[in-house]
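The values are calculated or read from the model by the stated rules, or taken from the named source; none is laboratory data. Here the structure is a predicted model, which is why all the values come from computation and not from measurement. Note that we place each Cβ from the backbone using ideal geometry, even for glycine, and neighbour counts take in every protein chain shown. When the accessible area is computed, the model is the full protein with side chains, heavy atoms only, and any ligands, DNA or RNA have been set aside. Shrake-Rupley method; radii C 1.70, N 1.55, O 1.52, S 1.80 Å.
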Amino acid sequence: MRFEIGKKQSGLLVREFLSSHLELSHRAISALKNSENGIVLNGTRVTVRATLSDGDILELELENKPCDGDAVIPADIPIEVLYEDQALTVVNKPPFMPTIISHGHYDDTLANALAYRYRDRDFVMRAVNRLDRDTSGICLIANSRRSAHILGEQMRARGMEKKYLAVLSGNLENDLCEKEIVTGIRRKEGSVMLREVADISVAREARTLYRLISNGKRFCAVSAEPKTGRTHQLRVHFAHIGHPIVGDTLYSQRSDEIARQALHAYELTLTHPYTKEKMTFRAPIASDIASLASFDALDLSKL
């Protein structure tokens, strides 16, 4: 899990950040300390005595470790598996489901569902990509340490192509050409969660390609491809151009037509970590977004 340190956390020891900010137990912190890459600060392994500064990037191996340090609890939660083999599992994650265990979510996550599916073996949750709780669509899980390393390197080298369907407020110019949004994105001062657009000189560069799929009565549908992996990138970028994602209560407003942001990860292309075969997966559109499209007369057939 990756954290960008803000002004409020500047000056804290890593130990203090883990215990007070993330509310990790002594057992969970000990597990991080004993892991080879458990605590990495700005690309370098550090101890819990390291001091944090504004703008630091802290990476923690929390994907496989619940907040209380215990194993993932198997839970019989229905999930749609698009593909699975010894190297990877591809899931069409439903909306309103967290990807990994976090504070307050110990038994209702994709990790719990997969732990139940693979309950006949020692299951470790190795999420290569993670979607927001309210974003639906493709989640990629590595089924071995080797696969996780290869897929992680592939993602960092931008060797994967991820495409999202987003339903935006308002209509766009009826132009089928691909457009690009390039800005800086940073954490909003005073907030742990919110991000904002800022000049690239003071924020990390974020690039999004998108193309119009359909204009409807009040909304429009676009296919979006984030070329960088900033937190909330698509949500921030579309709000920035004046067409926020419908139902996005963080960067716009609540919608009467859908109970979450209308964002769905519909396609993922990757190179298989073992066979080196190029593979493309597509996730069927979530029913609530399909209903929203129908209600607004959006044609998704060209997606």
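Residues in the range 138-158 near a label at R207, defined as backbone nitrogen under 15 Å from the 7 Å Cα→Cβ point?
Residues passing the 15 Å test: 156-158.
Rg(Cα) of the chain divided by 2.2 N^0.38 Å? The partial results should precede the final answer.
Details: Rg = 19.5 Å, N = 303, 2.2 N^0.38 = 19.3 Å.
After normalising by residue count via 2.2 N^0.38 Å, the value is 1.01.
May I ask you to rank T183, T44 by accessible area, largest first, using a 1.4 Å probe over the protein chains only? Write down the numbers at each step before the final one.
Details: T183 15, T44 80 Å².
Reading off the accessible areas and sorting them downward yields T44, T183.
Add -39500 (n - 2.57) for each DSSP H run of 4 or more in the chain, then divide by its residues: what number comes out at 222 nm, to the nearest 500 deg cm²/dmol? Write out the running numbers ahead of the final one.
Numbers: 5 runs with 46 residues, N = 303.
The per-residue figure over the chain is -4500 deg cm²/dmol.
May I ask you to derive the relative contact order of the range 173-261, considering only C-alpha pairs under 8 Å and at least 6 residues apart, and to give it as an integer percent? Mind showing how you got there, number by number?
Details: 158 pairs, mean separation 18.6, N = 89.
Computed over the range 173-261, the figure is 21 percent.
If each of D199 and E257 carries a label point 7 Å out from its Cα toward its Cβ, how far apart are those two points in nm?
3.8
If R158, R254 are ordered by their accessible area, calculated over protein heavy atoms with a 1.4 Å probe, which sequence runs from highest to lowest? Write down the numbers at each step before the final one.
Working: R158 140, R254 175 Å².
The ordering from most to least exposed comes out as R254, R158.
For the chain, what is the accessible area per residue in Å², given a 1.4 Å probe and the full set of protein chains? Could the numbers behind the result be given before it?
Working: 14780 Å² over 303 residues.
Counting only protein heavy atoms, the per-residue value for the chain is 49 Å².
Counting only the heavy atoms of the protein chains, how much of L250 is accessible to a 1.4 Å probe, in Å² to the nearest 10?
60
Please give the FRET efficiency for D132 paired with T51, using the beta carbon to beta carbon distance and R0 = 30 Å, rounded to the nearest 0.05. Walk me through the numbers before you get to the answer.
Details: r = 30 Å, r/R0 = 1.01.
After rounding, the FRET efficiency stands at 0.50.
How many percent of DSSP beta bridges within the chain run antiparallel, rounded to 5?
95
Does the range 6-56 classify as rounded, prolate or oblate by the C-alpha gyration tensor (a ≥ b ≥ c root eigenvalues; a/c under 1.5 gives rounded; else a/b over b/c gives prolate, otherwise oblate)? Can you show the working numbers first?
On the way: a/c = 2.42, a/b = 1.26, b/c = 1.92.
Verdict is oblate for the range 6-56.
Under the rule of at least 5 residues apart or a separate chain, name every residue whose amide H is placed under 5 Å from the amide H of L263.
Distant-sequence amide H within range of L263: S136.
Mind grabbing the accessible area of E189 for me, 1.4 Å probe, Å², rounded to tens?
Counting only protein heavy atoms, the figure is 140 Å².
Give, in nm to one decimal, the length gained when the segment between S20 and D122 is fully stretched (0.36 nm per residue of separation minus the Cα-Cα distance).
33.6 nm
What's the tally of Lys pairs in the range 93-199 whose alpha-carbon atoms lie under 20 angstrom apart, where the two lysines are 8 or more places apart or on different chains? Don't skip to the answer; put the middle values down first.
On the way: K93/K162; K93/K163; K162/K179; K163/K179.
Taking the Cα cut-off of 20 Å, the pair count is 4.
Taking all protein chains together and a probe of 1.4 Å, list V90, V124 from the most accessible to the least accessible.
Details: V90 0, V124 50 Å².
Largest accessible area first, the residues go V124, V90.
Given springs between every Cα pair under 10 Å in a Gaussian network model of the chain, which of N143, N174, N92 has the largest fluctuation?
Evaluated over the chain, the most mobile residue of the options is N174.
Using the beta-carbon distance between L176 and F96 and R0 = 35 Å, what value does 1/(1 + (r/R0)^6) give for FRET efficiency, to the nearest 0.05?
Numbers: r = 33 Å, r/R0 = 0.94.
Plugging the Cβ-Cβ distance into 1/(1 + (r/R0)^6) gives 0.60.
Using only protein heavy atoms and a 1.4 Å probe, report how much of M279 is accessible, in Å² to the nearest 10.
My reading of the accessible area for M279 is about 20 Å².
In nm, what is the difference between 0.36 nm times the number of residues separating V81 and K217 and their Cα-Cα distance?
On the way: separation 136, 0.36 × 136 = 48.96 nm, distance 3.41 nm.
Extending this stretch completely gives an extra 45.6 nm.
Which percent of the accessible heavy-atom area of the chain goes to carbon and sulfur, probe 1.4 angstrom? Please report the intermediate quantities before stating the final value.
Values: 6810 of 14780 Å².
Looking at the chain in its full context, I get 46 percent from C and S.
At most 10 other Cβ atoms within 10 Å and a DSSP loop assignment: could you name the GluC sites (Glu not before Pro) in the range 211-288 that fit?
Working: sites: E257, E267, E277; in loops: E257, E277.
Answer in residue order: E277.
Taking θ = phi - 60°, what integer Hz values does the Karplus form 6.51 cos²θ - 1.76 cosθ + 1.60 yield along the range 86-103, in sequence order, with x for Gly and Pro?
In residue order, the calculated couplings are 5, 9, 8, 10, 10, 10, 8, 5, x, x, 6, 10, x, 6, 10, 5, 8, 4 Hz.
For the pair T228 and T269, how long in nm is the line joining their label points, each one 7 Å along Cα→Cβ?
Rounded to a tenth, the inter-label distance reads 2.3 nm.
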